[in-house]
Amino acid sequence: MTEELIAEVPNYRESKLLAPHEKAAIRYAEVLAGDHLSASDELFEELRKHFTESEIIDLGFRMMTYVGYTRFIAVLGIESFGGPCPLSAKRDQQRAEAAAASK
């Protein structure tokens, strides 16, 4: 995916560069990552125009794996990768704050 296409994602509905199947996939991701209970028959009808049932499931699974992963690391407070695990430092900071608050 090019930088130009990536720049189109926030306004995917009006994009002239993204293909219809890409727009459908982005809409699917938007629904699954946001108000997942708003997934409608209309959404799945649109997806079926471009993907098989198996592809829709696979795409959704991959999206939710990523969404779940990003939510998990956000809860843990992990902001960067490649260095020492920041969990110990965050846990120590939380303990110190809790101890200070209890005094």
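The values are calculated or read from the model by the stated rules, or taken from the named source; none is laboratory data. Quantities reported herein were computed from a predicted structural model and do not represent experimental measurements. A quick note on method: Cβ atoms are made from the backbone with ideal geometry, for glycine too, and the neighbour counts reach across all protein chains shown.
What the table below lists for this structure:
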item: In segment 34-71, the residues that are small (G, A, S) and at pLDDT 90 or above; result: A39, S40, S54, G60, G68
item: Residues being hydrophobic (A, V, I, L, M, F, W, C) and without any contact (Cβ under 8 Å) to a residue 12 or more places away in the chain - total across segment 1-45; result: 6
item: Selection within segment 46-55 - more than 19 Å from V9 (Cβ to Cβ) and either free of Cβ contacts under 8 Å to residues at least 12 places away in the same chain or in contact with a Phe, Trp or Tyr (Cβ under 7 Å, 6 or more places away or on another chain) (or both); result: R48, T52, E53, S54, E55
item: Search result, residues across segment 1-20 that are loosely packed, with under 11 Cβ neighbours inside 10 Å and either touching a Gly at 6+ places or on another chain (Cβ under 8 Å) or assigned to a loop (DSSP other than H, G, I, E, B) (or both); result: M1, T2, K16
item: Segment 21-43, residues that are part of a helix (DSSP H, G or I), within 20 Å of the chain's Cα centre (by Cα) and surrounded by fewer than 14 Cβ atoms within 10 Å (Cβ to Cβ); result: H36, L37, S38
